[in-house]
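The block underneath contains the structure these notes are about, expressed in structure tokens.
Every number in this text was worked out from the coordinates using simple rules, so none of it is lab data. Note that the structure is predicted; figures quoted are calculated from it, not measured. For neighbour counting, all protein chains shown are included, and Cβ atoms are generated from backbone atoms with ideal geometry for every residue, glycine included.
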Amino acid sequence: MSDEDEDEPAVELGAHTPVEGAPLARVSSRLTWPKEKSEVDRLEGDTVIRTPEGPRELSSVLDEVDETYFQRHQEFEDHVRDVIGTGPIPTADE
């Protein structure tokens with residue numbers, strides 16, 4: 001390998017585009033399960049999460065979730081995704 005090869009990255013990186021809000025998986029990983037919805041709201045309700053429609057406060061999403069108790073983080077994430085949907089997350093530039 002020559003010195004010239006070391007100056008260039010092995011993979012060309014794209015421009016960094018900021019995305020507002022935290023990934024839902026990050027929020028659920030900070031909690032221990034099982035957990036009541038009210039306790040999730042107390043601990044993480046003010047956290048802004050990423051959604052296909054743009055950033056939303058978790059508390060407002062939880063208001064639309066009918067379930068009151070989550071056995072596992074997957075169950076919590078499924079109920080939240082039922083409310084926010086799935087799809088591409090808009091970047092701050094969009």
(Q) Would any residue of the range 19-53 have its amide N under 16 Å from a label point 7 Å out along Cα→Cβ of residue 66? List them or say none. (A) none
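Between residue 91 and residue 42, what FRET efficiency comes out of the Förster formula 1/(1 + (r/R0)^6) with R0 = 22 Å and r the beta carbon distance, rounded to 0.05? Mind showing how you got there, number by number?
Values: r = 30 Å, r/R0 = 1.39.
Efficiency for this residue pair is about 0.10.
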Q) If each Cα of the range 19-84 is one equal point scatterer, what is log10 of I(q)/I(0) from the Debye formula at q = 0.15, 0.18 Å⁻¹? A) -0.37, -0.55
Q | Residue-by-residue Karplus 3J(HN,Hα) for the range 30-46, coefficients 6.51, -1.76, 1.60, Hz, glycine and proline x | A | 7, 9, 9, 10, x, 8, 6, 4, 5, 6, 4, 5, 5, 7, 10, x, 7
Q | Label-point gap, in nm, between residue 82 and residue 32 - each point 7 angstrom along Cα→Cβ | A | 2.7 nm
